[in-house]
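Just below is one structure, and these are the notes that go with it.
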Amino acid sequence: MEHGFGTVTIADVAEAADVSVNTVYNYFPAKEDLFFDRSAGVVDRLARWVRGRDAGEWAARAVLRELREEVEAVSPRVGLMEGYDRFMRVIHEAPALRSRLWSMQQEIHDNLEAALREETGAAADDPLPGLIAGQICWIHQTVFVTIGRRMIAGHKPAEVSREVLTLLDDIEELLSEKVLNYAVRGAD
């Protein structure tokens, strides 16, 4: 973070960790993987929230609930922590990291669409799970973009939390009933 993504090499990382370059590549296939080392949990988060929703709860409402809980708790998992501004600046300054972030967003969508398709029993040619996944991903992305921008602007995590809770209310008001009431979880 101090030197920027573009100037630090895998050899620099290997030297700092006192391991060989090959060892670094064994654990991190690409340089971007060093920066997004927790991406596996992130790309499956929305699908996991949908699959784990309560009986009687709809998919979008489950995601809104989970996001509200994270934001209200001022959770580092959503970027509400000191230093997140530095992390986001490095991403914005590195085209390779922005590209990886875009790729992760596509994976999030694809994983969520698959979960919605599975949960509803939708046919492979039914476009609705993909459309609903797009709406839910928009919620998620809007929250993260807002948090990132507010943190970069120098705001404190607790202040950003309050702002984003209001934003989540605004987002929910914009969503149609079709989106909000899609994929209700039946009682087990």
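What to note about this one:
- Once the chain from Glu93 to Ile152 is taken as fully extended at 0.36 nm per residue, the excess over their C-alpha distance is 20.0 nm.
- Rolling a 1.4 Å probe over the protein heavy atoms of segment 1-40, with every protein chain left in place, gives an accessible area that is 51 percent carbon and sulfur.
- Simple point charges give the picture: +1 on the Cβ of Lys and Arg, -1 on the Cβ of Asp and Glu, and for the chain a dipole about the Cα centre of about 180 debye.
- Computed with a 1.4 Å probe over protein heavy atoms only, the accessible surface of segment 1-92 comes to 56 Å² per residue.
- For segment 109-151, carbon and sulfur atoms together expose 52% of the accessible surface, with a 1.4 angstrom probe and every protein chain in place.
- For the chain, the mean residue ellipticity at 222 nm estimated from helices alone is -21000 deg cm²/dmol, where every DSSP H run of n ≥ 4 contributes -39500 (n - 2.57) and the total is divided by all residues, rounded to the nearest 500.
- Hull volume in cubic angstrom per residue (convex hull over the Cα atoms of segment 87-167): 100
- Directionally averaged projected area (convex hull, Cα atoms, the chain), nm²: 12.4
- The chain: DSSP helices with Cα axial extent of at least 18 Å and average Kyte-Doolittle hydropathy no lower than 0.0: 128-152, 157-174
- Where labels lie 7 Å past Cα in the beta-carbon direction, separation of Leu131 and Glu172 in nm: 2.4
- Among Pro129, Asn181, Ala14 the positive-end extreme of the charge dipole of the chain (Cβ point charges): Ala14
The values are calculated or read from the model by the stated rules, or taken from the named source; none is laboratory data. Source: prediction; values computed, not measured. Methodologically, a virtual Cβ is constructed for each residue, glycine included, from the backbone with ideal geometry; neighbour enumeration extends over all protein chains shown. Side chains included, ligands, DNA and RNA excluded: accessible areas come from the protein's heavy atoms. Shrake-Rupley method; radii C 1.70, N 1.55, O 1.52, S 1.80 Å.
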